[in-house]
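The numbers here are math on the coordinates, done by the rules we state, and not lab data. Please read all numbers here as calculations on a predicted model, not as lab measurements. Positions of Cβ are generated from backbone atoms using ideal geometry, with glycine treated the same way; all protein chains shown enter the neighbour counts.
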Ligand SMILES: Nc1ncnc2c1ncn2[C@@H]1O[C@H](COP(=O)(O)OP(=O)(O)OP(=O)(O)O)[C@@H](O)[C@H]1O
């Protein structure tokens, strides 16, 4: 019975951890848990035990099997037994009943434990308790590593991997002194020789160990981390046991189950695919590795911005474009663009001048390249501690950030989304220093401000992004984002990847969706009729070069910034991508999501 209850309890724990891994909405988890058959069975057992305790039953007879033997002997001696006597004889002599009666007697006599030989009268002083551990070998690794004390030649258990065979046995612990393996004394042997003994052994493996007196605390609480770097144990010469190592890449979620060692932690990847943990370098260890690499890594080519190439036609267009005034240009684009009004609500942030500023700033950045350098603060910590966060309904929505390579369709998706439901989704109204024109209103198309005010805002870090286009300044401010959120709407922002870092605050809790380009083939098929706005003011069709560049820059952007993505959406079929985006947004706002713990600690 005890075993059954333990099994059920471990099922409970497993179910709970599965539910957490699957990010299931809170009430659903509770419902699943409460309606689970095992819980009911467990409660029934509990009630029975309570009843049993209250009634304190005593056995009527402690020797039921003896009595049954007596009855069997008597029945054997009966001449001409009746049908009932014959039936009773066959019942009592059946092995099941015999086993049942024998069990009854063991319980009635409280005869459970094994009978141990009495201790010898004269025990030698200081005798160490020896533990004999017998494990059945299967396909799984043992899940423990050993180390040799170079001074004494003694072999110790170095670590026990969580969820592995040794851990589940609960009989081997870090620090235990290994005395024998399958009858072979191990003192003085090299660890490789011991591993060979283990490999050669069949069936069961017998360890003799002297347990470590101060057992380390194995009941550590799990800590959840997002990896901000890539790691491969096979390329790490410093890992104590590469087979026990766990590879991970940026953006993956890790459940760190053991941090007791300063250099090597034990972790599992989420969602859990295996119960056995793997070795990963601690944060301190990874930092020192990164410092080492800093000196030996070759200079990397910047990959964050797609190469901007022009054909001759485009060059001519640019030159003629330069001659036009910004006002003229914007009017040309504005005429070509869709209506900016939907359901009587003005859709801000889609003006061509604004988009052209961003396009120009891409080009400038590519030339200077200084802003391409990785943000050092983002890379100074290899892991980011995270926790599940569920937005309380009364709180502002999380900021939604759409990110993607130029021309992948970020604007198209954002615009469709806002048009679909302008009272729920909204973009921030940009700021500009360009003069207001007839028919425009400040706070609608743009916040029209003076150059002095704009520069003051820049100095006070009030812009997420800003830049100059044709002599005028353009930018997206944090105040404009706040304005949308304060109205109870979902703010949909489109920024360059390097602008994510300053947005990552507890106040905005940005949810970053990477809009990914589909395969080249799908780009050719889906963008057949699409028109693009190029730097040279023409609405032209995609060329083969555009597709290749788009696919390449999307891939590079994903590789470089994937640690910041909460979701990746492939913009293949436009309709389908819109539907997917809507459901992602709903999940982002209404279901628990992993966020950095620093966001909940330092609520601004
Ligand atoms: N899934 C799709 N299927 C077909 N056409 C698409 C799809 N997604 C976007 N487009 C079209 O591709 C063109 C480029 O899209 P869009 O302007 O939204 O890209 P963008 O990434 O916002 O570019 P930019 O950075 O230049 O503003 C547009 O004409 C748009 O209608």
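Straightening the chain between residue 385 and residue 235 buys 51.5 nm, computed as 0.36 nm per residue apart minus the Cα-Cα spacing. Estimated from the Cβ-Cβ distance and a Förster radius of 22 angstrom, the FRET efficiency linking residue 289 and residue 220 is about 0.40.
So, R0 is 25 Å and r is the distance between the beta-carbons of residue 461 and residue 436; what FRET efficiency does that work out to, to 0.05? Efficiency, from the Cβ-Cβ distance: 0.45.
For the range 190-250 versus the range 559-604, the inter-centroid distance based on Cα atoms is 35 Å.
Each residue, residue 424 and residue 55, gets one label point 7 Å from its Cα in the Cβ direction; the gap between the two is 5.8 nm. Starting from the Cα-Cα distance between residue 140 and residue 260, subtract it from 0.36 nm times their residue separation and give me the gain in nm to one decimal. Residue separation times 0.36 nm, minus the Cα-Cα distance, leaves 40.8 nm. Shown is the FRET efficiency for residue 63 and residue 8, computed with R0 = 45 Å from the Cβ-Cβ distance and rounded to the nearest 0.05: 0.85.
With the simple spin-label model, which puts each label point 7 Å out from Cα in the Cβ direction, the residue 559 to residue 507 separation comes to 3.7 nm. For the residue pair residue 450 and residue 521, what label-to-label distance in nm results when each label sits 7 Å from Cα along the Cα-to-beta-carbon direction? Going from the residue 450 label point to the residue 521 one covers 6.1 nm.
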